[in-house]
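Here is the structure we will look at, set down as structure tokens.
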Amino acid sequence: MTRNMGSIDRVIRGIIGVVLLIAAFTAGWSGFWTAVAGIVGIVLIGTAVTAYCPPYQMLGINTFKRRDG
């Protein structure tokens, strides 16, 4: 599992993930939408933390920039 996500991508995913988790517990949505928001939020935070996105891997996308030197 190699990194395939850059810093900006990770920050955006992290922010959206946190917002979805907060909304899941405070928005008063039905059980289905609360579960969807919670699961998507956790997945986004997980990919942001690990800097790895499986769909990116399958599609050949790589936003990670290596620092040389």
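The residues on offer are 27, 51, and the sole one that is among the aliphatic types (A, V, I, L, M), at pLDDT below 95 and loosely packed, with under 14 Cβ neighbours inside 10 Å is 27.
Among the residues of this structure, residue 14 counts as one that is in a helix (DSSP H, G or I), small (Gly, Ala, Ser) and either open to solvent by less than 90 Å² (accessible area, probe 1.4 Å) or at negative phi (or both).
Rundown of residues vs (1) surrounded by 13 or more Cβ atoms within 10 Å (Cβ to Cβ); (2) in contact with a strand residue (DSSP E or B) (Cβ under 7 Å, 6 or more places away or on another chain); (3) assigned to a helix (DSSP H, G or I); (4) of a type outside the set (Phe, Trp, Tyr), yes/no style:
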{"residue": "2", "(1), (2), (3), (4)": "no, no, no, yes"}
{"residue": "22", "(1), (2), (3), (4)": "no, no, yes, yes"}
{"residue": "43", "(1), (2), (3), (4)": "yes, no, yes, yes"}
{"residue": "46", "(1), (2), (3), (4)": "yes, no, yes, yes"}
{"residue": "55", "(1), (2), (3), (4)": "no, no, yes, yes"}
{"residue": "65", "(1), (2), (3), (4)": "no, no, no, yes"}
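Within region 24-52, residues that are within 19 Å of residue 8 (Cα to Cα) and touching a residue at least 24 places away in the same chain (Cβ under 8 Å) reach partners that are open to solvent by 40 Å² or more (accessible area, probe 1.4 Å) and of a type in the set (Gly, Ala, Ser) with beta carbons closer than 9 Å, at six or more positions or on different chains, in the pairs 51/7. Looking only at region 1-50, residues that are more than 15 Å from the chain's Cα centre (by Cα), under 21 Å from residue 63 (Cβ atoms) and hydroxyl-bearing (Ser, Thr, Tyr) come to 1 in all.
The values are calculated or read from the model by the stated rules, or taken from the named source; none is laboratory data. No experiment lies behind these values; they were computed from the predicted model shown. A quick note on method: Cβ atoms are made from the backbone with ideal geometry, for glycine too, and the neighbour counts reach across all protein chains shown. Ligands, DNA and RNA are excluded from the accessible area calculation, which covers all protein heavy atoms including side chains. Shrake-Rupley method; radii C 1.70, N 1.55, O 1.52, S 1.80 Å.
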